[in-house]
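This report concerns only the one structure given below.
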Amino acid sequence: MTAFRDFNFKLLVVEKLMYWDGTLTPAFSLREHMRARGVEDLDRYVQENALEYTVLDEARAYFEELEIPAELLATVEELTFDGGHQVFMECAPVWDGEDDLFDLHSLDDLRLLPNLRLFTGGLALKHMIPGAPDILAARGIATRA
């Protein structure tokens, strides 16, 4: 199976396939996952354990272990970076978007998406990874702010 180098890049791919396209199933729900472990009020749990600005271990483990078949990766033609992604809320349910928790650190995982043609959120990306627009352009991937 495919191995991602940047966890946050993988989350963008999961957002597209799981929450937008519905092709990577079942859709993960941290609330349901934690409820099965006896946590009824997830927001309270997060606050009582000072986990507001972190990816919860349970979500990280799930998404790190999640296997995405190459056939599904080949269907990704567009990725979007947006602080309001569902996958981010599944990882950090009270995250306010005011820090770099989900910033990308590398574009090495572009190699896993042979049909990627558009990256939306390119303005934010160029602040995360120096030279990102040039890297994307060299691969024939257009950007949109």
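The values are calculated or read from the model by the stated rules, or taken from the named source; none is laboratory data. This is a predicted model, so every value here is computed, not measured. Neighbour counts are summed over all protein chains in view; Cβ atoms, including those assigned to glycine, are modelled from backbone coordinates with ideal geometry. Each accessible area value is taken on the protein alone, full model and side chains, heavy atoms only, with ligands, DNA and RNA left out. Shrake-Rupley method; radii C 1.70, N 1.55, O 1.52, S 1.80 Å.
What number of residues within region 23-48 satisfy the criterion of being closer than 19 Å to Ile68 by Cβ and either open to solvent by less than 40 Å² (accessible area, probe 1.4 Å) or touching a residue at least 24 places away in the same chain (Cβ under 8 Å) (or both)?
Residues meeting the conditions: 6.
Among the numbered criteria (1) at pLDDT 95 or above; (2) touching a Lys or Arg at 6+ places or on another chain (Cβ under 6 Å), which one does Met89 miss?
With respect to (1) at pLDDT 95 or above; (2) touching a Lys or Arg at 6+ places or on another chain (Cβ under 6 Å), Met89 is out only on (2).
Considering only residues that are in contact with a helix residue (DSSP H, G or I) (Cβ under 6 Å, 6 or more places away or on another chain) and hydrophobic (A, V, I, L, M, F, W, C), look in region 71-87 and name the one that is surrounded by the most Cβ atoms within 10 Å (Cβ to Cβ).
So, considering only residues that are in contact with a helix residue (DSSP H, G or I) (Cβ under 6 Å, 6 or more places away or on another chain) and hydrophobic (A, V, I, L, M, F, W, C), the one surrounded by the most Cβ atoms within 10 Å (Cβ to Cβ) is Val87.
Counting just the residues of region 1-22 that are in contact (Cβ under 8 Å) with a residue 60 or more places away in the chain and among the hydrophobic types (A, V, I, L, M, F, W, C), which one comes out surrounded by the fewest Cβ atoms within 10 Å (Cβ to Cβ)?
Met1
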